[in-house]
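Peer 1: Before anything else, here's the structure in question.
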Amino acid sequence: MTDTIDQGALPVHIGFIMDGNGRWAKEQGLPRTAGHKKGAEVVRLVIEHAKKRGIQIVTLYAFSTENWKRPKAEVKTLLDLFRKYMNEDIRELQKQGIRVSFIGEREKFPADMVARMNEIERETMGNKDFRVILALNYGFRDDMIYAIKKIASDILDRKYLISSIDEAKVNAALSTHDTPYPDLIIRTSGDQRLSNFLMWESAYAELYFTPIYWPDFNEHDLDDAIEAYGRRSRRFGNIAS
Ligand code: IPE
Ligand code: IPE
Ligand code: MG
């Protein structure tokens with residue numbers, strides 16, 4: 001591992017679609033749950049390395065609104081892992097001055113988890129060094145439905161007129177309102193889709209797909225993605241400068 005990478009522009013905010021835990025486990029002849037356990041270790045490593053590279057924000061897609069469809073036992077293992085992660089790893093992040101918050105409807109999780117999520121957000125709110133956002137029971141469509149309801153109720157309350165709805169107002173109604181749009185979205189495992197992750201926010205994000213399964217993803221792979229980002233030409237509809 002080298003300590004420097006060939007740096008073009010550096011993404012401020014990276015979104016990770018952490019996929020391939022199940023296939024990784026299958027290839028090793030292990031139960032899917034073993035893939036999720038290994039995946040949780042990779043989260044630790046990725047956060048540490050992203051911070052070291054000067055990235056400011058990472059959003060990690062850990063559980064989608066559609067993942068409830070999975071067998072009960074797998075959902076239970078995932079919830080147990082999240083609980084463990086929130087009680088052990090996040091305490092460590094807290095000590096390092098990292099701010100941790102959550103997107104996604106948390107009320108669907110057991111009460112002890114909800115209480116812990118609220119506590120983590122409260123306790124790390126003032127941390128400025130780095131931000132970790134965990135997407136748990138997150139789905140963009142759900143977030144958009146919530147935003148539409150909020151805007152509709154603001155209008156009924158006569159807070160503003162329909163004609164004044166603009167990008168900023170829609171953005172303010174989304175759960176991601178307090179973060180800049182992601183610059184780079186990395187999806188592991190070879191699948192090339194967003195699977196309901198940050199679809200408004202990613203309108204101009206650079207997409208990076210790697211065939212590596214999440215449990216095998218490491219520092220070098222993150223460097224590769226950051227380097228690839230540095231070579232992209234982001235035009236936002238304009239012409240190259
Ligand atoms: C990602 O890995 C973790 C979650 C979605 C919770 P998967 O469990 O989706 O692994 P694959 O895609 O089946 O290999
Ligand atoms: C996306 O992975 C969700 C997370 C990584 C949490 P999935 O494995 O659920 O996505 P699909 O079903 O392959 O699109
Ligand atoms: Mg998957």
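Peer 1: Criterion first (modelled with pLDDT under 95, surrounded by fewer than 14 Cβ atoms within 10 Å (Cβ to Cβ) and closer than 27 Å to ASP183 by Cα) does ASP89 satisfy it?
Peer 2: On the way: modelled with pLDDT under 95: yes; surrounded by fewer than 14 Cβ atoms within 10 Å (Cβ to Cβ): no; closer than 27 Å to ASP183 by Cα: yes.
So ASP89 does not fit the description; no.
Peer 1: Give me the residue from segment 49-84 that is out of contact with any strand residue (DSSP E or B) (no Cβ under 6 Å at 6 or more places or on another chain) and under 19 Å from GLY230 (Cα atoms) and, out of that set, nearest to ligand 1 (Cβ to nearest atom).
Peer 2: Among them, the one singled out is HIS49.
Peer 1: Now, a different point. I'd like to verify a number: residues in segment 48-66 that are within 16 Å of ligand 2 (Cβ to nearest atom) and either over 18 Å from the mean Cα position of the chain (by Cα) or among the β-branched types (Val, Ile, Thr) (or both), how many?
Peer 2: Start the filter on segment 48-66 by keeping residues that are within 16 Å of ligand 2 (Cβ to nearest atom), which leaves 58-66.
Right, trim to either over 18 Å from the mean Cα position of the chain (by Cα) or among the β-branched types (Val, Ile, Thr) (or both) and you get 58-59, 65.
The number of residues fulfilling the criteria is 3.
Peer 1: Can you name every residue in segment 197-210 that is out of contact with any strand residue (DSSP E or B) (no Cβ under 9 Å at 6 or more places or on another chain) and more than 14 Å from ligand 2 (Cβ to nearest atom)? Working first, answer last.
Peer 2: Our first condition is that a residue be out of contact with any strand residue (DSSP E or B) (no Cβ under 9 Å at 6 or more places or on another chain); within segment 197-210, this holds for 199-200, 203-204.
TRP200, ALA203, TYR204 - these are the residues of segment 197-210 that are out of contact with any strand residue (DSSP E or B) (no Cβ under 9 Å at 6 or more places or on another chain) and more than 14 Å from ligand 2 (Cβ to nearest atom).
Peer 1: Give the residue, chosen from TYR138, TYR146, that is within 25 Å of MET199 (Cβ to Cβ), of a type in the set (Phe, Trp, Tyr) and open to solvent by 30 Å² or more (accessible area, probe 1.4 Å).
Peer 2: Details: TYR138 fails: open to solvent by 30 Å² or more (accessible area, probe 1.4 Å).
TYR146 is the lone residue from the list that is within 25 Å of MET199 (Cβ to Cβ), of a type in the set (Phe, Trp, Tyr) and open to solvent by 30 Å² or more (accessible area, probe 1.4 Å).
Peer 1: Quick one: in segment 175-195, of everything that is within 16 Å of ligand 1 (Cβ to nearest atom) and assigned to a loop (DSSP other than H, G, I, E, B), which residue is surrounded by the most Cβ atoms within 10 Å (Cβ to Cβ)? Steps first, answer last, please.
Peer 2: So the first thing to find is which residues in segment 175-195 are within 16 Å of ligand 1 (Cβ to nearest atom), and the list is 185-195.
Within this subset, residues satisfying the condition of being assigned to a loop (DSSP other than H, G, I, E, B) are 188-195.
Values: THR188: 26, SER189: 22, GLY190: 13, ASP191: 14, GLN192: 8, ARG193: 11, LEU194: 17, SER195: 15.
Here the residue is THR188.
Peer 1: Between ARG44, ARG131, ARG122, ARG70, which is out of contact with any Gly (no Cβ under 8 Å at 6 or more places or on another chain), more than 14 Å from ligand 2 (Cβ to nearest atom) and farther than 26 Å from ALA173 by Cβ? Can you show your working first?
Peer 2: Working: ARG131 fails: farther than 26 Å from ALA173 by Cβ; ARG122 fails: farther than 26 Å from ALA173 by Cβ; ARG70 fails: more than 14 Å from ligand 2 (Cβ to nearest atom).
One residue alone meets the criteria, ARG44.
Peer 1: So in segment 14-60, with the set limited to residues that are surrounded by fewer than 17 Cβ atoms within 10 Å (Cβ to Cβ) and small (Gly, Ala, Ser), which one is farthest from ligand 3 (Cβ to nearest atom)?
Peer 2: The residue in question is GLY54.
Peer 1: OK, next. I'd like to know if segment 228-238 contains one or more residues that are of a type outside the set (Gly, Ala, Ser), surrounded by fewer than 12 Cβ atoms within 10 Å (Cβ to Cβ) and either touching a residue at least 60 places away in the same chain (Cβ under 8 Å) or not in a loop (DSSP other than H, G, I, E, B) (or both). Even if it seems obvious, please write down each step before you answer.
Peer 2: As a first pass, look at segment 228-238 and keep what is of a type outside the set (Gly, Ala, Ser): 229, 231-232, 234-236, 238.
Remaining after also requiring surrounded by fewer than 12 Cβ atoms within 10 Å (Cβ to Cβ): 231, 235-236, 238.
Restricting the remaining residues to those that are either touching a residue at least 60 places away in the same chain (Cβ under 8 Å) or not in a loop (DSSP other than H, G, I, E, B) (or both) gives 231.
Yes, the conditions are met somewhere in segment 228-238.
Peer 1: Would a scan of segment 210-222 turn up a residue that is part of a helix (DSSP H, G or I), within 16 Å of ligand 1 (Cβ to nearest atom), within 18 Å of ALA62 (Cα to Cα) and open to solvent by 70 Å² or more (accessible area, probe 1.4 Å)?
Peer 2: Within segment 210-222, one or more residues are part of a helix (DSSP H, G or I), within 16 Å of ligand 1 (Cβ to nearest atom), within 18 Å of ALA62 (Cα to Cα) and open to solvent by 70 Å² or more (accessible area, probe 1.4 Å).
Peer 1: Quick one: in segment 1-13, which of the residues that are hydrophobic (A, V, I, L, M, F, W, C) and modelled with pLDDT of 95 or more is nearest to ligand 3 (Cβ to nearest atom)?
Peer 2: Our first condition is that a residue be hydrophobic (A, V, I, L, M, F, W, C); within segment 1-13, this holds for 1, 5, 9-10, 12.
Then drop every residue that is not modelled with pLDDT of 95 or more, which leaves 10, 12.
Working: LEU10: 28, VAL12: 27 Å.
So, considering only residues that are hydrophobic (A, V, I, L, M, F, W, C) and modelled with pLDDT of 95 or more, the one nearest to ligand 3 (Cβ to nearest atom) is VAL12.
The values are calculated or read from the model by the stated rules, or taken from the named source; none is laboratory data. Please read these numbers as outputs of a predicted model, since none were measured by experiment. FYI the Cβ positions are ideal-geometry reconstructions off the backbone, even for glycines, and counts take in every protein chain you see. Calculation scope for accessible area: heavy atoms of the full protein, side chains included, ligands and nucleic acids excluded. Shrake-Rupley method; radii C 1.70, N 1.55, O 1.52, S 1.80 Å.
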